[in-house]
Amino acid sequence: MAIKVYGTALSTCTGRVLLCLLEKGLEYEIVPLDLANSAHKKQPYLSLNPFGQIPAFEDGDVKIFESRAITKYLSRKYKDTGIDLLGSSSLTETTIVDTWMEVESHQYNVPMQKIIRQMIVNPAYGIASDEKIIEEELEKLGKVLDVYEERLSKCKYLAGDFYSLADLHHIPYLVYFMRTLKSSFITSRPHVNAWWKDISSRPASVKLAENMNF
Ligand code: GS8
């Protein structure tokens, strides 16, 4: 049975899952939802994601939600298909991948989500951006990126000298962020910039970005 992803390629959380599928070279089907009519807030969708958010995911009998849980599932179940994204060669590497996945989720994602809402999503829907929120969240993001700059001066990727889910999880928001007037937050930090150039030029990342146009 084909893998199904409920959502839209425009959504960064859905994009995280699609990027993992692209890296793994797995076949999948995107099941679009009528978001304008709140299909994601009603049954039958709520039985797939009770929080009424995208994405949701089906692989045969496995029905799950939360994009990062889905990418971990895919990376474990299809470990031997395509690239290993978990640092599976040792417990130490796996744990470092886990650590930087947590950093993405708790440090980077928090300000980044608010910035992209204000700078990309709201304008696309004709909603005014809140400059104060943008300023405050950019300051927080800058501090996170300073830590990344230091980390990436020691290794090519966040978890070491190998590409992993820890890097992949950052890509969808950065695709949008690099189209804003604040892209210098990345380009002015040499190691972060080299990392971004590397991870964004992977064929899977290029393909994902092609479909992320509001
Ligand atoms: C967040 C899902 C989410 O915020 C995950 O899957 O990673 N932690 C969850 N989804 C957003 C779209 S993100 O591009 C969403 O569904 N927004 C619409 C809404 O909340 O109504």
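If you take every residue apart from residue 15 with its C-beta less than 13 Å away from the C-beta of residue 15, what net charge results, scoring Lys and Arg +1 and Asp and Glu -1?
That works out to +1.
Check each of the chymotrypsin sites (Phe, Trp or Tyr not before Pro) in segment 1-84 and keep only those in coil by DSSP with at most 16 other C-beta atoms within 10 angstrom; list them in order.
Passing sites in segment 1-84 are 51.
Which of 4/140; 4/42; 42/197; 63/207 have a Cα-Cα distance over 29 Å?
Going by Cα-Cα distance, 4/140; 42/197 fall outside the 29 Å limit.
Please report the relative contact order for the chain, taking Cα pairs under 8 Å with a sequence separation of at least 6, and give it as a percent rounded to a whole number.
22 percent
So what is the 222 nm mean residue ellipticity for the chain from helices alone, if each DSSP H run of at least 4 adds -39500 (n - 2.57) and you divide by all residues, rounding to the nearest 500 deg cm²/dmol?
So the helix-based figure for the chain works out to -14000 deg cm²/dmol.
If amide hydrogens are placed 1.01 Å from N in the peptide plane, which non-local residues have theirs closer than 5 Å to the one on residue 56?
When sequence neighbours closer than 5 places are left aside, the close amide H contacts are 6.
Using modelled backbone amide H atoms (1.01 Å from N, in-plane), which distant-in-sequence or interchain residues come within less than 5 Å of residue 78's amide H?
Result for residue 78 returns nothing.
Quick one, what does Rg over Rh come out to for segment 92-214 if you take C-alpha atoms and the Kirkwood Rh?
0.96
What FRET efficiency comes out for the pair residue 64/residue 131, r = Cβ-Cβ distance, R0 = 45 Å, nearest 0.05?
Calculated transfer efficiency: 0.75.
What base-10 log of the normalised intensity I(q)/I(0) is obtained for segment 3-77 from the Debye formula, alpha carbons as equal point scatterers, at q = 0.17, 0.20 Å⁻¹?
With no solvent term, the Cα-only Debye profile gives -0.56, -0.77.
Would you mind computing the Rg to Rh ratio of the chain from its alpha-carbon coordinates, Kirkwood style for Rh?
0.96
Which value, in Å², gives the accessible area per residue of the chain when a 1.4 Å probe is used on the protein heavy atoms?
It amounts to 49 Å² per residue over the chain.
How large, in percent, is the carbon and sulfur part of the accessible surface of segment 16-56 at a probe radius of 1.4 Å?
Here it works out to 54 percent.
At 1.4 Å probe size, put 169, 191 in order of accessible surface, largest to smallest.
Largest accessible area first, the list is 191, 169.
The values are calculated or read from the model by the stated rules, or taken from the named source; none is laboratory data. Note that this is a predicted model, so its numbers are computed, not measured. When we count neighbours, we look across all protein chains shown, and the Cβ atoms used for this are built from the backbone with ideal geometry, even at glycine. Accessible surface is based on the protein model in full, side chains and every heavy atom, while ligands, DNA and RNA are left aside. Shrake-Rupley method; radii C 1.70, N 1.55, O 1.52, S 1.80 Å.
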